[in-house]
Amino acid sequence: LMDTTTLHTSALLGSREEDSIKIYPARWLALGVYTLHEIASNIMWITFSPITSIAMCYYDVTLFWINALSWINMLVYVVFLFPATWFLERFGLRVTAIVGGSLNAAGGWLRFAGSGPDSYWILLSGQFLTSVTYLLETNACSMLSAVWFPPHQRTIATTLFAIISAEAGVLIALLSSPLAITGGDNTDRICNMTSYNMLSPERQEWLTTTNRQFFYYLLSQALLTTIMLPITFLIPEAPPSPPSVSTRLGESITSKSLLTQSFITAFKNKYFVAFIFVYGVFVASSGAYVSVFQEVLHNSGYAKYQGLIGYLGASMA
């Protein structure tokens, strides 16, 4: 009799849980906001990769510091991964999106302020802020899928957010940067001469042309992040009702330590550890190469094909 009563009660509770399950169209708005932020962050991350030689000549800094505009993104990710995870758990998806979007816009305008040839350190500061946005919002991928999407749509949502949007941002940057920043017809001669007169009229003219190109290119990126920001405030923290029974069970167990518990459970699985190692090597190697491929080709005798190098990088993305 007890077993029959228990089964009946469980079935009744399960029926009530299923009745409260609902899927909302607003899930696509939440996904769209995060996806747009991810695209913008990746555009700004890899902006200087296909124009390394021009940027080095324009800002008059060493190759190390031009590469820093890219690897600062990876450094921020490694150093602040766990604080960012805590922030997401503590404040939730909506606050994370607002903070991430605000930092992205602030970073975009700081980068624009660094568009002058003597403003490299301002540019690097802006790059740091956009890197924080990338970290904050990339971490939210699994939580967004679990909170807003039913099980049969979570793979699609995760793919669009974590993979497609990131690759789209890299693709746009690799295609647009060589087109927007050319420096003019005498770029190769000015930038490839080791002892060029910094005050010569020809170089000053080149700096003026390149400055105008950086001005409008970085301005367009700053405007892009600013336009996205008001939409961010429209997304709620979570839907009124969960999209699945598993989400409701997760909320009933714990809402604050969901990600932490997921990390612990995942890393106890040896197959997951093996998978994450292989995937990590792939992401690290591809990210590293796409950051330096222009200088590799440039030093291999392909400097005159500056405008086409971005297309090669885009093919890798």
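The values are calculated or read from the model by the stated rules, or taken from the named source; none is laboratory data. Source: prediction; values computed, not measured. These area figures cover heavy atoms from the full protein model, side chains too; ligands, DNA and RNA do not enter into them. Shrake-Rupley method; radii C 1.70, N 1.55, O 1.52, S 1.80 Å.
General remarks:
- For segment 207-217, backbone phi angles converted through the Karplus equation (6.51, -1.76, 1.60; θ = phi - 60°) give residue-by-residue couplings of 4, 5, 5, 5, 4, 5, 5, 5, 4, 6, 5 Hz, Gly and Pro being listed as x.
- Computed lengthening from residue 273 to residue 288, 0.36 nm per intervening residue step minus Cα-Cα distance: 3.2 nm
- In this view, the solvent-accessible surface of residue 71, computed with a 1.4 Å probe and all protein chains in place, comes to about 90 Å².
- Each eigenvalue of the Cα gyration tensor of segment 98-219, multiplied by 5 and square-rooted, gives one semi-axis; in descending order these are 39, 16, 10 Å.
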